[in-house]
Structures are given as structure tokens and as C-alpha cells.
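What follows is a short report on a single structure.
The values are calculated or read from the model by the stated rules, or taken from the named source; none is laboratory data. Predicted model, so just to flag it, every value in this text is computed and none were measured. Note: ideal-geometry Cβ built from the backbone for every residue, glycine included; neighbour counts use all protein chains shown. With ligands, DNA and RNA removed, areas are computed over all heavy atoms of the protein, side chains included. Shrake-Rupley method; radii C 1.70, N 1.55, O 1.52, S 1.80 Å.
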Protein chains: 2
Amino acid sequence: MILRRRTRQVDVGPVRLGGSNPIAVQSMTKVDTADVRACVRQIGRLTVAGCDLVRVAVPTRADTEALAEIVRRVDVPIIADVHFSPDRAIEAIEAGATKIRINPGNIKKRLDILRIIDCAKQHAAAVRIGVNEASIRDLKEDVPPPRRTVLMLREMKKYVRVFERRGFEKLVLSVKSADVVRTIEANRAIADVFDYPIHLGLTHAGLPEDARVPSAVAIGTLLAEGIGDTIRVSLAGDPVEEIRLGREILTSVGLSEEHRPRLTVCPTCGRCKIDVVRLARQVRKLLLLIDKPLKVAVMGCIVNGPGECADADLAICAAQGKGFIYAHGKKKSVVPEGELMAALRNELQLAARSE
Amino acid sequence: MILRRRTRQVDVGPVRLGGSNPIAVQSMTKVDTADVRACVRQIGRLTVAGCDLVRVAVPTRADTEALAEIVRRVDVPIIADVHFSPDRAIEAIEAGATKIRINPGNIKKRLDILRIIDCAKQHAAAVRIGVNEASIRDLKEDVPPPRRTVLMLREMKKYVRVFERRGFEKLVLSVKSADVVRTIEANRAIADVFDYPIHLGLTHAGLPEDARVPSAVAIGTLLAEGIGDTIRVSLAGDPVEEIRLGREILTSVGLSEEHRPRLTVCPTCGRCKIDVVRLARQVRKLLLLIDKPLKVAVMGCIVNGPGECADADLAICAAQGKGFIYAHGKKKSVVPEGELMAALRNELQLAARSE
């Protein structure tokens, strides 16, 4: 139901970004790139978790050399993350990166950019122009936060112009900040001006426990406004967690196909006469074994219970000392409180088996 | 930096909703309302956690009687949550509820609504018209999900008209769904039509581990669009967790004053030469003891490190075998890796003491 912004389509190997293509979830390896075995192992874990594109840092010549081997050994398209060095960008493309990310904050010379463009064109590689507030804020004269959105947009315009004048349009754009509101504002601004696919992310969001809410708010808001064609959650921790959270954000706004059951639970209140939370915890445990996008509801009273239950594939609406079991939206049976879990377990087994 | 939507101001006791007033965070008690002691105790825990308004369910006469006693014993404004019974609404207002919530899905007769309005007017109580998708979806003929947003808006318009014609405008509005996108759409719709304060919430969001991301996305998106004057996160669990998550959402978009340190951490990548996550975990432990809104950063390389460090009150930018300590945005010292934590602990003590 989200009306996505129209963009061009940019192909990154077999993964198509933009247009009406699914939003790709990406992450980045966090081991030494030159350690090919460790890197390939981490990429394997990421793809199993649902990662569509993997980015790899290539700060040294040894890294771009390793990249060639990594690309040969994995199935997923590899993006090279390049800073400071146009040579690394060219080596990475030649090593088989289907996309590179370059940073306008640290590759600034026009001739360097043109060399990269020509190489990307020759190898049909895509390029992300990744503007980052922390890389472009002028360290000499401190730019006040509200002006930084303007600065990011200006930097992006300048850079995109160099690419377009050279006839290169296989671009993906990103503007990141560690601040949620500036990330939202900056992305709205580039979405207004350009029709290239946009890569979303809140950068340096922190340890997982601190980063979840700000990441969900920043990325979720932009997605809900139709902005974003690929996302990367940035957590200081296991990159697999980045994929899980990214998928969770997409699912919450209906932009990722659901494969797992979804459990609706009323928050309970003074009206509630049975232990709904305990019941819901037991149901959730059972659901961990089921690999189907079932909608399951555990509701505690008659205010919203019947409505949510009617929307679910399987539900309990609890009353004093008993519960109503619903299947496929219809009331099916009344069961005494003590037998509710057993009855629900039976229904779940039926639902899990049926197609 | 979020431009909030203009609304009227509605006073709920000393708490002012709408206009440019702070966004109030609320929750609901989850114990038997007639158990005054348990209820007052839970309200106490909620206010300590930062709850500005507490809602209490009053399904029976015994509950509205208990409400009078509860109101006397607590400091925070109490909202009565009323369904089905206009008598409960009137009893609750007479018992001292500064606001009541009524549900157009189950109090429908015009004369009942008018009785409630007259009583609220007499006692200067505010009224939230709380439309809930699960209460108004027509159970007889299943309304398809996309049409429900329209249905919620239509129900709201009908109800508001009754209040306005009776000369009552001390209204707060809410439209809730368990679906993130419909919650966003429905709230955008009422924000377009009315200028009353809006109460935001994603309803029946589930157990805390499932509800965090969808709640953050739904509420965060609307706040980022300037919509929302009071919020309630709905978790199947301890209501104190609702307040914590609500505050976290507000803080993420800069709509709640920060009292605690904020820790920016780079997600690390193949460029990173020291264990940034371990360092960040140690720093986070120290920060738990500090009650000041310090900005602290732990960064792993020179790409974005200097920029984020320059924005922080206190920061480490790590390099191979050493780290640069920044204080108030300025590089202060270079410290060998093994001494980084000790150096940072010293700086933190200084920062925690200074005003």
C-alpha cells in the first residue's frame, strides 16, 4: 500500500535496484578483507540470513587482490567500499565488484572521478555516490547541524553532475548521518531532485540495543514515504543482526514478503481476566517451529478481540475462565482456560500442515 | 527540526496537549482497577519511568468507584478507558478522571454520546475519540483492509460532528490499527481534516521483542511528519517498557529532551584494526552511571571517525594499535591501544563532573 517513488532501474549483477523491484537488504563484512576465508565465511552467513548484496572494504592493494578471489567464491553480488584512493576503486572493479561505493568527502579530484567512471563503464559496474555527513562536514570551520543537510545535497549535486556529463547513469545515491532527522531530511531532498535509486541507512547508529529504534525510525519513515530502494542497517555488532533488523523494518511496512507467522497480542489492561502475556509467550514458542506466514492473535477481552480474531488465521479471544478459538476468522469453539493451549496447539498443527 | 502540525491546545489537568507543548507519553495500567493498591503502585512505577498520563480501564461500577480513590492517591492525570457503557463514562468523569477515552465502535447512540458530552463539559474533562480498526471493522461483512482507512476516517468525522454541534471541542483524536501502514495512512488522513491534538499508537503490536520495530516505525514516521501530540506504545508486557520505548522513539527524532548520554559507534568493517565493539561495550557500561546528555563516540577508522569525533563531547578514534582521544570536538591526545579505556574513563569523570 506504500506508493513507491519512481526511479530508474540500476542492475547490480542479478539484483535489480529501483523501479518496482524488491528493496534489497545489504550489509558489510567486518573481518579483514585480505583474510579471504574469514570473509567468504561471513558472506555465507549473511546470505543465509537474507542479505541480497554484500559490501566489503578495500583500503589496501592486498584487499583488492583478495576481492578477486572472494568474488569467485561467493554467489552474491559484491560491492567494494572505497575511500581516498581512486586506484582501489579501479582495482576493485577489475577484480569483479559489480558495484563500488565512493565517498565525495574523500575522492574529490575531477580527474580521479573520471578515471573511475570510465573503468566502471567499461565493466558495467554500478557506482554508489555515498555522501556521509561526518566525511563532508568541514572540520576546519564547524558547519552547524541544520546547514549540513544543505551541504550534503550540494555535494551530491556536484558529484552527480560529473557522472552525468561523462554519460554515466548507473548510479545509486545515499546521504547518511548519525542523526535521524537529518537523515530523513537529506533523503527527502535527494529524492526530490534525482530519479536514481536511493540507498538508505542511518550511519554509526551504535550498539544493537541503542541502534534499533533510531534505525527503525529513520529507515521506516523514509520507506513509508516511498523513498528507498536498498537499505543497510548499521549496527556495531554481528552483521547478521543488521540483516535481521533490516528485514524486520521492511516487513513492518509490508515491503518484504512474510515467511514467518505474525503474532498480534493485546497489551492487556484492567479488563483482562486471564494471563494473556503468559499465553502469548507459549504461543510464540510454538510459532518458532512454523515456517508459514500465518496471522495469529491472542486477545484478552471483547473490546477489540473479536475484530482482531476475525482477521487472523488462528486466534484466541480470552474471557473470564475460558477462551474462544477462532480459525480462518470464524469462531470455532469455546474452551475452558486450562485447555486453551492444548486446543490452540491442535489448531496450529492443522494450520501448519494445510496449504 | 521537525515542523510540528498546528493544533489547538487541550489541557488534561496540568498536562497540555497539542500546540507546541511537549509530546506527552502515556501508558495504561494492567492490573485490576478495583485493586486500588496494586493500581496505585503500578501508576507510581509508571510516573517514575517518565509517564505523563496514565490510562485506567473501568469496565464495571466497582472500577469507577475505585477510580475516585486512585485519583486521590496519585499525582499524575488519570484517563478512564471506557467501552460499551455511557454510565461508566459519566461515573469516571465524576470520579475525577481528567480525560476519558470513548470508542465509536461500541458507544453509538446519539443520546448516550450527548449525556457524556454534557458531563465532560460540566467537569472540564477532555475526551479522546479513540477509533480502533478492530472495533469498527464490520464483523458481518468483512471490509477489505484498504477500505478500512476510509471507514476509520468516516467514523471519526461522524463522531466529531456530534461533539462540535454540542459545542464541545476539548477533543483528542486517535485512529489505531495493528497494521503499520494503515496506522500511518489513517493518521495522515485525520491530521489533514482536523486540528485537534492527535494521540498516536500502533495497537496490539505484540510481545516486546516483536512490537519494538513496528511501533518505532509507525509512531516514528508520523512524528517525523509532524503528526502526534501524545503517544502510547502498546506492548504485551510490563507497562514501564511502554514508557521506555515511547521515550526512546521521541528522543530518536529529537522530540524529547535527552537526559542520558548518547553513544555513537561505527559499525566497523574490514578497515577496522582494533576491537571497536568491545571498546564500545566498555564505554557503554561507564555511561550507565552518568546522568547527563553527553555525546560520546567510539569510531574505528579515519573515514568518518574525525567528523563524528569532532561532533562529540568525548570520543575515541581508533587507529592501528592506538587511539586519538577527542574532548569537546578537539583532538586531545594519542594513547596506545592498551591505555585507551583508562584514558577515556578519566575524561568521562571530568565530563560528568563539569557543568
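Look through B:Leu250, B:Leu255, B:Leu289 and report the one residue that is under 21 Å from the mean Cα position of the chain (by Cα), assigned to a loop (DSSP other than H, G, I, E, B) and either among the hydrophobic types (A, V, I, L, M, F, W, C) or within 7 Å of another protein chain (Cβ to nearest Cβ) (or both).
Every option except B:Leu255 fails the conditions.
Quick one: B:Lys30 ticks every box in (1) in contact with a Pro (Cβ under 9 Å, 6 or more places away or on another chain); (2) open to solvent by 50 Å² or more (accessible area, probe 1.4 Å); (3) basic (Lys, Arg) except a single one, so which number is it?
Tallying (1) in contact with a Pro (Cβ under 9 Å, 6 or more places away or on another chain); (2) open to solvent by 50 Å² or more (accessible area, probe 1.4 Å); (3) basic (Lys, Arg), B:Lys30 fails exactly one: (2).
Of (1) assigned to a helix (DSSP H, G or I); (2) free of Cβ contacts under 8 Å to residues at least 60 places away in the same chain, A:Ala191 satisfies all except one. Which?
Only one criterion is unmet by A:Ala191, namely (2).
Taking A:Arg73, is it within 19 Å of A:Ser27 (Cα to Cα), under 19 Å from the mean Cα position of the chain (by Cα) and charged (D, E, K, R)?
It is false that A:Arg73 is within 19 Å of A:Ser27 (Cα to Cα), under 19 Å from the mean Cα position of the chain (by Cα) and charged (D, E, K, R).
Can you work out which of the residues in region A:184-198 that are farther than 15 Å from A:Glu133 by Cα and under 17 Å from the mean Cα position of the chain (by Cα) is surrounded by the most Cβ atoms within 10 Å (Cβ to Cβ)?
Filtering first and then ranking leaves A:Pro197.
Quick one: which residue in A:Leu294, A:Leu287 is under 30 Å from A:Ala205 (Cβ atoms), touching a residue at least 40 places away in the same chain (Cβ under 8 Å) and of a type in the set (A, V, I, L, M)?
On the way: A:Leu294 fails: under 30 Å from A:Ala205 (Cβ atoms).
Answer to the check: A:Leu287.
Suppose we filter A:Ser234, A:Ser215 for residues that are assigned to a loop (DSSP other than H, G, I, E, B) and within 16 Å of A:His199 (Cα to Cα); which single one remains?
Going through A:Ser234, A:Ser215 in turn, just one is assigned to a loop (DSSP other than H, G, I, E, B) and within 16 Å of A:His199 (Cα to Cα): A:Ser234.
Being within 30 Å of B:Ile107 (Cα to Cα), in a loop (DSSP other than H, G, I, E, B) and of a type in the set (A, V, I, L, M, F, W, C) narrows it down to one residue among A:Ile316, A:Ile274; which is it?
Unique residue meeting the criteria: A:Ile274.
Hand me the list of helices (runs of 4 or more DSSP H) wholly inside region B:82-145 holding 1 or more residues that are without any contact (Cβ under 8 Å) to a residue 60 or more places away in the chain and open to solvent by 60 Å² or more (accessible area, probe 1.4 Å).
B:86-94, B:110-122
Of a type outside the set (D, E, K, R) and over 30 Å from B:Gly19 (Cβ atoms) - does that describe any residue in region B:234-248? Walk me through how you get there before you give the answer.
Start the filter on region B:234-248 by keeping residues that are of a type outside the set (D, E, K, R), which leaves B:234-237, B:239-240, B:243, B:245-246.
Keeping just the survivors that are over 30 Å from B:Gly19 (Cβ atoms) gives B:236-237.
Within region B:234-248, one or more residues are of a type outside the set (D, E, K, R) and over 30 Å from B:Gly19 (Cβ atoms).
Looking at (1) in contact with a Pro (Cβ under 7 Å, 6 or more places away or on another chain); (2) open to solvent by less than 10 Å² (accessible area, probe 1.4 Å); (3) at pLDDT below 95, find the lone condition where B:Ser234 falls short.
(3)
With the structure loaded, tell me whether A:Arg166 is more than 10 Å from chain B (Cβ to nearest Cβ), open to solvent by 50 Å² or more (accessible area, probe 1.4 Å) and charged (D, E, K, R) or whether it fails that test.
yes
It is to be established whether one or more residues within region A:312-330 are within 9 Å of another protein chain (Cβ to nearest Cβ), free of Cβ contacts under 8 Å to residues at least 40 places away in the same chain and touching a His at 6+ places or on another chain (Cβ under 9 Å).
No: zero hits.
Based on this model, can you work out whether A:Val76 counts as of a type outside the set (Lys, Arg), surrounded by 15 or more Cβ atoms within 10 Å (Cβ to Cβ), part of a loop (DSSP other than H, G, I, E, B) and away from chain B (no Cβ under 14 Å)? Spell out the reasoning first.
Details: of a type outside the set (Lys, Arg): yes; surrounded by 15 or more Cβ atoms within 10 Å (Cβ to Cβ): yes; part of a loop (DSSP other than H, G, I, E, B): yes; away from chain B (no Cβ under 14 Å): yes.
Spelling it out, A:Val76 is indeed of a type outside the set (Lys, Arg), surrounded by 15 or more Cβ atoms within 10 Å (Cβ to Cβ), part of a loop (DSSP other than H, G, I, E, B) and away from chain B (no Cβ under 14 Å).
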